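Readers should treat all values here as calculations from the given coordinates under stated rules, not as data from a laboratory. For clarity, every value in this text was computed on a predicted model and none was experimentally measured. Cβ placement follows ideal geometry from the backbone for every residue including glycine, while neighbour counts extend to all protein chains displayed.
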Ligand code: NCD
């Protein structure tokens, strides 16, 4: 079989994503069926940047499939500290593991890594660029919550400039029908032009941009909240000025639809009040759970394994 990687969400066709969503649903319904699919397989998680959910959900997913995990969660505990290139580090680990999930602060690093890897590489986030496995998690969540990936008005709120989860999800949803985007951000954190040119224009997608969360809320089916990406700012003062631009509270949700679903890739800093957590429309912790199941489906696909 030809080696498959997942670096950009468009490495998967929409049909493959639909299949993976169906596989994740089956895993959720009958987990015991999948307990030995990855017996004898090893996942390496190479995290050159901090993570809680992404790394642990990958590890939990491989363990639930009967496989094992190895890796590092801090670049400075690896030979990166001695000056090794990411290409050599990944090449080395590909001699031990059957599949690699990597996160790196440099945009495009996984493209360099795939050149010498002997095993499938999964991009678990590259700088302010892409985060395709969060997108698979988001798509599974939308599908489970609303029963469809089409005919949606989806609002993205917060840091649309540096938020890699936003970039990948915009890319993925642009291939579905009946999608309308509402981009809610301060002027400085608007969606990058390259996405408007290469994705929104290409698919001729309707979208609006606004600075007002309150104005946007009543029309939304999905509200995708994001954290202002502190680590990508050049200037601390700009971060401090922008970080609390949006705080979702129960009061702001009063005019929202009953079917609205609130997503957030997490971690949350201040942008969703904890008072929202008990609202049935708050789907972000169900989203966390879905992340494990879709990663199980993804690793089975890339390793060409079936239950
Ligand atoms: C996101 C990320 O790393 O880009 N987190 C995640 O993987 N769930 C979002 C963020 O850090 O804000």
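Some values worked out for this structure:
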| quantity | calculated |
| --- | --- |
| Residues satisfying the stated conditions in the range 217-232, i.e. without any contact (Cβ under 8 Å) to a residue 40 or more places away in the chain and within 16 Å of the ligand (Cβ to nearest atom) | 230 |
| Among the candidates 260, 200, 302, residue that is more than 22 Å from residue 9 (Cα to Cα), more than 16 Å from the ligand (Cβ to nearest atom) and under 22 Å from the mean Cα position of the chain (by Cα) | 260 |
| Residues that are touching a residue at least 12 places away in the same chain (Cβ under 8 Å), within 16 Å of the ligand (Cβ to nearest atom) and either buried (at least 18 other Cβ atoms within 10 Å of the Cβ) or part of a helix (DSSP H, G or I) (or both), drawn from the range 52-70 | 53, 54, 55, 57, 58, 59, 60, 61 |
| Failed criterion for residue 212 (all others in (1) more than 20 Å from the chain's Cα centre (by Cα); (2) under 17 Å from residue 9 (Cα atoms) hold) | (2) |
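Matching residues to (1) within 16 Å of the ligand (Cβ to nearest atom); (2) in contact with a helix residue (DSSP H, G or I) (Cβ under 6 Å, 6 or more places away or on another chain):
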residue	(1), (2)
88	no, no
95	no, no
128	yes, yes
135	yes, yes
143	no, yes
177	no, no
183	no, no
